[in-house]
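Encoded as structure tokens, the structure appears first; notes follow it.
The values are calculated or read from the model by the stated rules, or taken from the named source; none is laboratory data. Note that the structure is predicted; figures quoted are calculated from it, not measured. In this analysis, Cβ positions are derived from the backbone assuming ideal geometry, glycine residues included, and neighbour counts consider all displayed protein chains. When the accessible area is computed, the model is the full protein with side chains, heavy atoms only, and any ligands, DNA or RNA have been set aside. Shrake-Rupley method; radii C 1.70, N 1.55, O 1.52, S 1.80 Å.
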Amino acid sequence: MTYKATLTQHAQIRAQQRAVPMAIIDILMRYGGRSSANHGCKIVYLSNKSMRRIHYELSDDLCKVIEKKRDCYLVVASDGSVVTVGHRQKRILH
């Protein structure tokens, strides 16, 4: 089962600018850990727990590709739409 995220126009532009493919966005939405952000939004990212689950459920080749994009994150609105996409520069605090 794949999860299809709804991206705002801003998120579509940022994903393209930052070279984050839709497949990684879907992986983040399905497996990513969540942390609270401002205005009722959530930050979705690949935590160590997420990566263990990915390694358990997916093939090794796919895991290697995901590992290269591990620093990606999403900001998701309360309605479930992706507001923006980025690359982490520092640790996400819980």
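Residue-wise test of (1) open to solvent by 60 Å² or more (accessible area, probe 1.4 Å); (2) part of a strand (DSSP E or B).
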{"residue": "Q12", "(1), (2)": "yes, no"}
{"residue": "A15", "(1), (2)": "no, no"}
{"residue": "S50", "(1), (2)": "no, no"}
{"residue": "I54", "(1), (2)": "no, no"}
{"residue": "C63", "(1), (2)": "no, no"}
{"residue": "V75", "(1), (2)": "no, yes"}
{"residue": "G80", "(1), (2)": "no, no"}
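Just to be sure before I move on: is K68 charged (D, E, K, R) and either surrounded by 17 or more Cβ atoms within 10 Å (Cβ to Cβ) or in contact with a strand residue (DSSP E or B) (Cβ under 6 Å, 6 or more places away or on another chain) (or both) in the structure I sent?
no
Can you find, within region 33-48, the residue that is least open to solvent (accessible area, probe 1.4 Å) among those that are hydroxyl-bearing (S, T, Y) and farther than 16 Å from A23 by Cα? Quick ask: steps written out before the conclusion?
Our first condition is that a residue be hydroxyl-bearing (S, T, Y); within region 33-48, this holds for 35-36, 45, 47.
When the remaining residues are screened for being farther than 16 Å from A23 by Cα, the result is 35-36, 47.
Numbers: S35: 9, S36: 87, S47: 27 Å².
So, considering only residues that are hydroxyl-bearing (S, T, Y) and farther than 16 Å from A23 by Cα, the one least open to solvent (accessible area, probe 1.4 Å) is S35.
Only one of D71, D26, D60, D79 is of a type in the set (D, E) and modelled with pLDDT under 90. Can you tell me which?
Just one listed residue meets the conditions, D60.
Evaluate the following for V85: is it open to solvent by less than 20 Å² (accessible area, probe 1.4 Å) and part of a strand (DSSP E or B)?
Yes, satisfied.
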